[in-house]
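Just below is one structure, and these are the notes that go with it.
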Amino acid sequence: MPGYELINKKDELREINKIFENGSVFFRQGFDKIRNGIFKTNDFEKLFCKKINSKYALAVTSGTAALRVALSTLNLNANDEIITQAFTFVATVEAIIESGAKPICCEIDETLNMNPDDLEKKITKKTKAVILVHMLGTSGNLNRIKKICRKKSITLIEDTAWGLGGKYNNKYLGTHGHIGTFSFDYAKAITTGEGGMIVFKNKKDFLKAKAWHDHGHENNPKVPRWEDTRNSSGFNYRFTEIQAAIGIAQLKKLSKIISLQRKNSKKIWSEIKNLKGVFLRKSPNNCFQTFDALVIKFDSKEKAIKCRNELVKRGLATKILPEATTWHFAGDWEHIKLGNKRKDLKFSESRKILEKHLSIPINCFMTNKNIKNIYLSIKNILD
């Protein structure tokens, strides 16, 4: 979560000033005569593609918007089903509902991501897509999930809001499926305040999404914008030039951010790994984790809760687990109607797994005192 830690006048403000020095155009397109060739959103998208080795990228207003725009490429209707996982931010399911389809949630496994066995059980003739969410910087079981989707001819979308910079089999998360989505809100690895990105494998999906996110505009270069052509309706999820300027500066810092996160996570784990009854979160083989959080497991939910309370007493915090499942666990969502059968709505297996885990937020700049207090909090509970 440390993108905001590295914001400064030298980098982010310098990129913003380039806009003010060249016409002060905040809109991503048009006004060519006064902007002197400054197109920050286009530059940010190109830089993002280069960073994660993707063909096409589209910047949008948020990670939630990224999911909604991604789903616009599927021509969904009320009988269609989209499968995602029970442990995710509520936005994943909200985007499915807004698209007109039915959200189906499946259980998670010990990686805290989608359980491939339960995914296979949940697939029906109505299933149009699977949204795999890489929670807290660790990938899901991509090998199996990709094979399942390929066998069933189902679109795979990766929700990579918490996984930017992570890899699976040395390939960036978000680029394994047909479409990948990312978030740049204030708590993510890099931030533009609010914002998101979508990456695509094929040009057809990219062009369809690009038009839909801009009221259907095709941005025909032969005519003025007010006479533009269109083949669809849409909505307004356009990114601004100011956000893009910040994003360019932030993206250049991503490798440093991840390096510092991994370094600090390693320090904390080296302190606590020899304590009895505490384990590192399970991750798939060949997974490169970003460690924006260090997720650990206890042998009981009582210990996880006690440890969280001990951390709070010392002025420290946890990230989502175990306390924030109201926003991140389908078993606690009373305000959202899922398409699951009634008997499947408790997600008992997922709850048992989540209750034993605790997530420690990792910053770029953590003092030895911070790390020592984390160790003492856990030690006091386990002794």
Next item on the list: Just need the relative contact order of the chain here, percent rounded to a whole number, with Cα pairs under 8 Å and 6+ apart.
Entry: 21 percent
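Of F26, F182, how do they rank once you tally other Cβ atoms within 10 Å and put the fewest first?
Exposure proxy ranking, most exposed first: F26, F182.
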Check: Taking the mean number of other Cβ atoms within 10 Å as a proxy for protection, how do you rank 338-349, 285-296 from highest to lowest?
Finding: 285-296, 338-349
Check: Got a sec to turn the phi values of region 53-64 into Karplus ³J(HN,Hα) couplings, 6.51 cos²θ - 1.76 cosθ + 1.60 with θ = phi - 60°, whole Hz, x for Gly and Pro?
Finding: 6, 10, 7, 9, 9, 9, 7, 9, 6, 6, x, 5
Checklist line | Within the chain: Cβ-based charge dipole about Cα centre, in debye rounded to nearest 20 (Lys, Arg +1; Asp, Glu -1) | finding: 1060 debye
Next item on the list: For I7 and K147, calculate 0.36 nm times their separation in residues minus their Cα-Cα distance, and state this gained length in nm to one decimal.
Entry: 46.4 nm
Notebook entry, point to check: Rounded to the nearest 20 Debye, what is the dipole magnitude of region 254-382 about its Cα centre when Lys and Arg each give +1 and Asp and Glu each give -1 at the C-beta?
Noted result: 300 debye
Notebook entry, point to check: Any idea how far the Cα center of region 64-108 sits from the one of region 27-60, in Å?
Noted result: 27 Å
Check: If we count other beta carbons within 10 Å of each Cβ, what is the order of E310, E21, E94, E81, fewest first?
Finding: E21, E94, E310, E81
Note to self: Give me the percent relative contact order of region 154-223, please, defined on Cα pairs under 8 angstrom at least 6 residues apart.
What the structure shows: 23 percent
Check: How would you classify the chain from its alpha-carbon gyration tensor, with a ≥ b ≥ c the square roots of the eigenvalues: rounded for a/c under 1.5, else prolate if a/b is greater than b/c, otherwise oblate?
Finding: oblate
Checklist line | Residue (of P221, Q29, Q250) at the positive-pole extreme of the chain, dipole from beta-carbon charges | finding: Q250
Notebook entry, point to check: Per residue of the chain, what 222 nm ellipticity follows from adding -39500 (n - 2.57) for every DSSP H run with n ≥ 4, rounded to the nearest 500?
Noted result: -10500 deg cm²/dmol
Item checked: Of K152/K343; K10/K282; K33/K203, those spanning more than 31 Å from alpha-carbon to alpha-carbon -> K10/K282
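Of all beta bridges DSSP finds with both residues in region 3-251, what is the antiparallel percent, to the nearest 5? Each step should come with its number before you reach the end.
On the way: 16 of 32 bridges.
For region 3-251, the DSSP antiparallel bridge percentage is about 50.
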Margin query: Which of H215, H335, H134 ends up with the largest GNM mean-square fluctuation for the chain, with Cα atoms connected below 10 Å?
Written below: H335
Item checked: Virtual spin-label span in nm between E302 and K276, 7 Å along Cα→Cβ -> 1.6 nm
Next item on the list: Enumerate the amide H contacts of L280 below 5 Å, restricted to partners 5 or more residues apart or on another chain; note that Pro and chain-start residues carry no placed amide H.
Entry: K297
Next item on the list: Kindly flag which residue pairs out of K167/K256; K301/K369; K147/K171; K188/K276 have an alpha-carbon separation exceeding 20 Å in this structure.
Entry: K301/K369; K188/K276
Checklist line | Centroid-to-centroid separation of region 133-164 and region 327-379 [C-alpha atoms, Å] | finding: 20 Å
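Just so you know, all these numbers are worked out from the coordinates, no wet-lab data involved. A quick note: this is a predicted structure, and the numbers were derived from the prediction, not measured. Note: ideal-geometry Cβ built from the backbone for every residue, glycine included; neighbour counts use all protein chains shown.
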